[in-house]
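The values are calculated or read from the model by the stated rules, or taken from the named source; none is laboratory data. No experiment lies behind these values; they were computed from the predicted model shown. Virtual Cβ from ideal backbone geometry, glycine too; neighbours counted across all protein chains shown.
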Amino acid sequence: MPLSERVAAALQRAMDRSTATINGHVFQDAHGKPLHPAAVRRRFHELRKQAGLPHVTIHDLRHLAATIALEGNVPMAVISKTLRHSTLSTTANIYSHLTWEVAMAAVNTIEARLHLVEARTQYGADAFADSRPLPNPLFSHAA
């Protein structure tokens, strides 16, 4: 599974801190067995409360990761495989509201580029040589 350097380093630190590496699990109980999901959830909520964060579930974090990926132009097929959905349509159905936003951002980008080409055609390419790049419509309402 692909991991960012940050995640790989955090997992390595956790492995280094682990005292019971009988089975090579990064996160395990005192007997070297994988942690029970209920124990993981309980600890997650303890840490969340300590950090003063609102109530979210681990599943909410999954949705957040998918949303960030989709808004970052990661292809739907890659997101679907990462989430381990059995079909691409499952991912598309769950995140259809976001695919609309991304599609509109693409339309706005194309529209802005067409305006720039028209302006360059009308006024000459040199008139816009020093113009700043157009904003990314995913992060700005100005296109």
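Points worth noting:
- Residue satisfying all of: in region 82-126; among the hydrophobic types (A, V, I, L, M, F, W, C) and more than 30 Å from A65 (Cα to Cα); modelled with the lowest pLDDT among these: A125
- Pick from region 66-77, criterion surrounded by 13 or more Cβ atoms within 10 Å (Cβ to Cβ) and of a type in the set (A, V, I, L, M, F, W, C), ranking: nearest to the chain's Cα centre (by Cα): A69
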